[in-house]
Amino acid sequence: MRDEGRITARTIRRAKGQRRIVCLTAYDFATARLVDEAGVDIILVGDSLAMTVLGYESTLPVGMEEMLHHTAAVVRGTRRALVVADMPFLSYQVSDDQALENAGRFIKEAGAAAVKIEGGAIRADLIRRLVDNGIPVVGHIGMTPQSIHEFGGYRVRGREPREVARLREDAVALDRAGVFCVVLECVPRGVAAELTAAVSVPTIGIGAGPDCDGQVLVIHDLLGLYGDFKPKFVKRYAELGRQVVSAVQRFRDEVLRGDFPDDEHSYH
Ligand code: KIV
């Protein structure tokens, strides 16, 4: 039965100009439960899991089966938030037929409510087809990590007038194609504000300043769980990585000393 309290693509679309949208990544059941309980609107099962969870150097190696596996776990942990599955590299570029089939698997097999696709005007026909077939789509422009080899690294997009014009064309093309929101990644704040004003759907920024309609972060960055590298746009709200190391060290020391388990933690 449909959960009446669920956030839907329609809720997000209608939030533009009314209230800000909060989005965070999650990749597993336990984290999804916590993030959902905290009240975020959208949980993105990002292909960033290739790096944060699976230890790859980029998002490129992760495939459909891994993304389906993690998306299904997140859906099981979520009651209210809208779950968006990130379509991995080469799951939508080869042909529109294959893209429709793969997007459909996220909805049908994993229980996601929408998919995210990187790219601008070049993806417009595909997005229109997915939307026409009942699959809500989140767009993603700016610094798109699946194109890292084309860009020659992770860098801010939209610093030159030519790039700004291209971003504007892309944002408008995605809006016309029917996305219900669009992620702007690593874009100067003035450009993000201009793009936000140019489209009818909410923009969700990551490294795109405060004038977007919503914000997204990678949960491992927010909680201090992923490495020492911290991009300028990341704000750490906790240092859980350090807390985990210290808790495990205390456990190790107590086991080595014979202090754990004590009587209180033993059956009688
Ligand atoms: O994969 C991901 O986590 C993303 C967000 C950074 C938007 O695409």
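The values are calculated or read from the model by the stated rules, or taken from the named source; none is laboratory data. Just so it is clear, the model here is predicted, and its values are computed rather than measured. Cβ coordinates were reconstructed from backbone atoms using ideal geometry, including for glycine residues, and neighbour counts include every protein chain displayed.
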(request) Please state which one of Thr52, Thr59, Thr8 is within 22 Å of Asn133 (Cα to Cα), touching a strand residue (DSSP E or B) at 6+ places or on another chain (Cβ under 9 Å) and modelled with pLDDT of 95 or more. (result) Thr8
(message) Restricting to the range 223-268, give me the number of residues that are of a type outside the set (Val, Ile, Thr) and assigned to a loop (DSSP other than H, G, I, E, B).
(response) 23
(request) Mind counting the residues in the range 200-246 that are of a type outside the set (Ser, Thr, Tyr), surrounded by fewer than 22 Cβ atoms within 10 Å (Cβ to Cβ) and over 14 Å from Thr25 (Cβ atoms)? (result) 21
(request) Within the range 192-219, count every residue that is farther than 14 Å from Cys181 by Cβ and in contact (Cβ under 8 Å) with a residue 40 or more places away in the chain. (result) 4
(request) Looking at (1) surrounded by fewer than 17 Cβ atoms within 10 Å (Cβ to Cβ); (2) in the same structural domain as Glu163 (by TED's automatic domain parsing), find the lone condition where Gly258 falls short. (result) (2)
(request) Looking only at the range 170-190, decide whether some residue is in the same structural domain as Ser48 (by TED's automatic domain parsing), within 15 Å of the ligand (Cβ to nearest atom) and farther than 19 Å from Ile117 by Cβ. (result) no
(message) Criterion first (modelled with pLDDT of 95 or more and either over 26 Å from Thr11 (Cβ atoms) or within 16 Å of the ligand (Cβ to nearest atom) (or both)) does Arg159 satisfy it?
(response) yes
(request) Out of the residues in the range 36-76 that are touching a Pro at 6+ places or on another chain (Cβ under 8 Å) and among the β-branched types (Val, Ile, Thr), state the one that is nearest to the ligand (Cβ to nearest atom). (result) Thr59
